[in-house]
Amino acid sequence: MGIDIAIDGPAGAGKSTIAKAVAKRMGFVYVDTGALYRAVGLYMLDRGISIDDAEEVVKALPEITVDIEYMDEAQQVILCGKNVTSRLRTQEVGEAASVTSQYPEVRDKLMELQRSLAERYDVVMDGRDIGTVVLPDADLKIYLTADSRIRAKRRYDELIGKGEKAEFSEILKEVEERDRRDMNRETAPLKKADDAVEVDSSCMTVSEVEDRIRELIRGLKK
């Protein structure tokens with residue numbers, strides 16, 4: 001059994017950026033669970049399956065294989081034998097992942113993979129239910145959050161930086177709707193684990209957040 005670090009929090013809080021940086025500095029394996037859910041959402045979009053039709057989504061699940069490989073220390077997501085990592089970060093795929101992740105059957109399918117990785121490696125795993133459901137016995141649980149307007153601004157800046165068109169008001173609306181959906185879904189809703197350490201990144205730099213979490217990890221080893 002390795003050391004398991006669980007980082008949960010709402011969309012746009014910086015979970016992936018921080019988890020990836022911490023894992024690299026500590027020599028741990030980074031597991032981006034959101035990318036796995038995005039792969040399922042991408043599959044549905046590519047096949048023209050309505051993400052709002054739970055019956056159709058569940059019917060398609062046996063056809064899906066999702067796995068993780070590591071190339072140059074970076075996680076690669078393999079969907080049905082193809083590397084789809086470069087296609088996972090669009091807004092459309094993110095929304096599809098948020099909707100399909102509400103279905104218990106989708107979460108059950110991916111949970112086994114996540115837990116097997118945690119058993120084999122020292123991992124930093126981020127998502128929305130890692131500390132509460134996937135790794136309830138994690139050695140350290142972090143709840144990383146930030147004000148919704150701050151999170152929307154980060155997303156806006158990211159899109160503008162890529163040369164894409166974006167409206168801040170629309171992005172803020174999407175962030176708040178995603179929060180509502182994630183926090184109120186019946187299966188594994190987003191919430192802070194009772195024993196999690198809350199870190200609010202609203203007024204912190206990436207380096208400051210990373211240093212805070214590394215400090216907590218080092219405390220485990222004393």
For this session: Show the residues, 5+ positions off or on another chain, whose built amide H is closer than 5 Å to the amide H of Val197.
Result: Lys141, Ile142, Tyr143
Problem set entry | the stretch 28-119: C-alpha gyration tensor shape, a/c 1.5 cut-off, then a/b vs b/c | prolate
Exercise. How many angstrom separate the Cα center of the stretch 49-82 from the Cα center of the stretch 1-45?
Worked result: 16 Å
Problem set entry | Net charge of neighbours whose Cβ lies under 9 Å from the Cβ of Gly14, counting Lys and Arg as +1 and Asp and Glu as -1 | +3
For this session: Within the set of other residues whose C-beta is less than 9 Å from the C-beta of Val99, count the net charge using Lys and Arg as +1 and Asp and Glu as -1.
Result: -1
Problem set entry | Cα gyration tensor shape for the stretch 4-204, rounded if a/c is under 1.5, else prolate or oblate | rounded
Problem set entry | Theoretical FRET efficiency, 1/(1+(r/R0)^6), r = Cβ-Cβ of Arg149 and Glu92, R0 30 Å, to 0.05 | 0.85
For this session: Of the DSSP beta bridges with both residues in the stretch 4-204, give the percent that are antiparallel, rounding to the nearest 5.
Result: 30 percent
For this session: Please compute the net charge surrounding Val175, taking Lys and Arg as +1 and Asp and Glu as -1 over other residues with Cβ under 15 Å from its Cβ.
Result: 0
Exercise. What shape does the stretch 93-222 have by the C-alpha gyration tensor, where a ≥ b ≥ c are the square roots of the eigenvalues, rounded means a/c under 1.5, and otherwise prolate means a/b greater than b/c and oblate the rest?
Worked result: oblate
Exercise. So which residue, out of Ser116, Ser16, Ser202, gets the largest mean-square fluctuation from a GNM of the chain using Cα contacts under 10 Å as springs?
Worked result: Ser116
Problem set entry | GluC sites (Glu not before Pro) restricted to the stretch 137-222 and DSSP loop, no more than 14 other C-beta within 10 Å | Glu164, Glu167, Glu186
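A short reminder: the numbers here are calculations on the coordinates, not readings from a lab. Note that the structure is a prediction, hence the values are computed from the model and not measured. When we count neighbours, we look across all protein chains shown, and the Cβ atoms used for this are built from the backbone with ideal geometry, even at glycine.
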